[in-house]
1. Is there a residue being surrounded by 11 or more Cβ atoms within 10 Å (Cβ to Cβ), free of Cβ contacts under 8 Å to residues at least 60 places away in the same chain, more than 12 Å from the chain's Cα centre (by Cα) and under 11 Å from residue 72 (Cα atoms) anywhere in the range 44-52?
2. Return yes when residue 7 is modelled with pLDDT of 95 or more, touching a strand residue (DSSP E or B) at 6+ places or on another chain (Cβ under 8 Å) and surrounded by 13 or more Cβ atoms within 10 Å (Cβ to Cβ) and no when it is not.
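The values are calculated or read from the model by the stated rules, or taken from the named source; none is laboratory data. Since the structure is predicted, the reported quantities are computational estimates derived from the model, not experimental observations. When we count neighbours, we look across all protein chains shown, and the Cβ atoms used for this are built from the backbone with ideal geometry, even at glycine.
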């Protein structure tokens, strides 16, 4: 099972690759910085691409705009959501 820190590291690489962020390195994306509308320049159209990538790569769905707004607050909130959503349901 991955840790939040491992998923944060993976997500930074995947976000850059998915969105083709040329001048951005994983170190440029801070774990707790605002993800959408922050310094990375990620907008709502980018979020749709990221939602599809997360569904494909992690098998985790983000089904509402309200949930998306919470989940995409930062890389850490996104990683935490993925980790919780992937846990087998008891």
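1. Taking every residue of the range 44-52 in turn, at least one turns out to be surrounded by 11 or more Cβ atoms within 10 Å (Cβ to Cβ), free of Cβ contacts under 8 Å to residues at least 60 places away in the same chain, more than 12 Å from the chain's Cα centre (by Cα) and under 11 Å from residue 72 (Cα atoms).
2. Details: modelled with pLDDT of 95 or more: yes; touching a strand residue (DSSP E or B) at 6+ places or on another chain (Cβ under 8 Å): no; surrounded by 13 or more Cβ atoms within 10 Å (Cβ to Cβ): yes.
Taking the combined requirement at face value, the residue does not satisfy it.
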